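Here is the structure we will look at, set down as structure tokens.
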Amino acid sequence: MTPEADRIVAEVLAGDTPAFAGLVRLYQESVWRIAAAVLRDRDATENLVQQVFVDAYFHLDQYAPGTDFGAWVRTVARNRLRKELRSAGREDRRLAVYRERLAERLRAEAGSTNDDSESFVEALRGCREQLPPRDAVLVNLRYEKGLTFEAIAEKQGQTPEAVQRMISRIRFRLRDCIQNKLNDA
């Protein structure tokens, strides 16, 4: 397949951008297998495969014609996969630290032997039910599914920064709502 891949690469580099679809058709399955073996999640695999081909397209000039394009694009896939896994690991560590700090803060605020965690959870549940559907989806993706801002942004057609700002605003609204419910109780 390398001669055919080399021909398509030459066409793309010469300005025939739609020809790149031929490379995707030729190598999508092998890239999919690499991603699926590690991610074991269809949506995550699909997103990663798409990103691999975007990366390959933008770095196509780095491919050396006459070598194995399949090996090259699989290397691009493995590099993208490593990057995503490192990012997810960092995000998991940040979330763990956040959860621990939140738990410490809640314990400190409780102060005495009086445990109001049930009323807090009930207030949180009530406040979440009041969220607009789009906000509820963002909270679900971030805190229940544990997706990164980047993954959510891709699903929502937003930038990661915009998603982070939206989620921050939702958290502030939830905090105020919970505080009001607890004060009313």
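The values are calculated or read from the model by the stated rules, or taken from the named source; none is laboratory data. If you're wondering where the values come from, they're calculated on a predicted model, not measured in any experiment. Because the Cβ atoms are built from the backbone with ideal geometry, glycine has one as well, and the counts that use them run over all protein chains shown. Each accessible area value is taken on the protein alone, full model and side chains, heavy atoms only, with ligands, DNA and RNA left out. Shrake-Rupley method; radii C 1.70, N 1.55, O 1.52, S 1.80 Å.
Using a 1.4 Å probe on the protein heavy atoms only, what accessible surface does Tyr98 show? Give it in Å² to the nearest 10.
Surface open to solvent at Tyr98 totals about 100 Å².
Spelling out what I want: for every residue of the range 29-42, take phi, set θ = phi - 60°, compute 6.51 cos²θ - 1.76 cosθ + 1.60 (Karplus), and round to whole Hz; glycine and proline get x.
Per residue, the Karplus-derived 3J(HN,Hα) values read 5, 5, 5, 4, 4, 4, 5, 5, 5, 9, 7, 6, 9, 4 Hz.
Would you kindly derive the ³J(HN,Hα) couplings of the range 85-98 from the backbone phi angles with the Karplus curve 6.51 cos²θ - 1.76 cosθ + 1.60 (θ = phi - 60°), listing them in order in whole Hz, with x for Gly and Pro?
My calculation for the range 85-98 gives 5, 4, 4, 5, x, 4, 5, 4, 5, 4, 5, 5, 5, 4 Hz in order.
May I ask you to evaluate 6.51 cos²θ - 1.76 cosθ + 1.60, the Karplus curve with θ = phi - 60°, for each residue of the range 142-150 and list the ³J(HN,Hα) values in order in whole Hz, giving x for glycine and proline?
7, 9, 9, 8, x, 6, 6, 4, 5
So what is the relative contact order of the chain, in percent, for Cα pairs below 8 Å that sit 6 or more residues apart?
The normalised contact order for the chain reaches 16 percent.
For an R0 of 25 angstrom, estimate the FRET efficiency from the Cβ-Cβ distance between Leu95 and Glu122 and round to the nearest 0.05.
So, using R0 = 25 Å, E works out to roughly 0.60.
Averaged per residue, what accessible area in Å² does the chain show with a 1.4 Å probe, protein chains only?
Per-residue value: 64 Å².
Of the labelled options (i) 254; (ii) 123; (iii) 133, which one gives volume of the Cα convex hull per residue in Å³ as computed for this structure?
(iii)
Of the candidates Ala19, Ala77, Ala56, which one comes out as most mobile in a Gaussian network treatment of the chain with C-alpha springs shorter than 10 Å?
The residue that fluctuates most here is Ala19.
Taking all protein chains in place and a 1.4 Å probe, what share, in percent, of the accessible surface of the range 59-163 do carbon and sulfur account for?
On the range 59-163, the fraction of accessible area on carbon and sulfur atoms equals 51 percent.
Aspartates and glutamates near Lys181 by alpha-carbon distance under 18 Å, same-chain residues fewer than 8 away left out - which ones?
The reachable aspartates and glutamates, counting only those whose Cα sits under 18 Å from Lys181, are Glu109, Asp115, Asp116, Glu118, Glu122, Glu129.
Label point 7 Å out from Gln130 along Cα-to-Cβ: which residues of the range 153-185 have amide N under 20 Å?
Within reach of a label on Gln130: 166-185.
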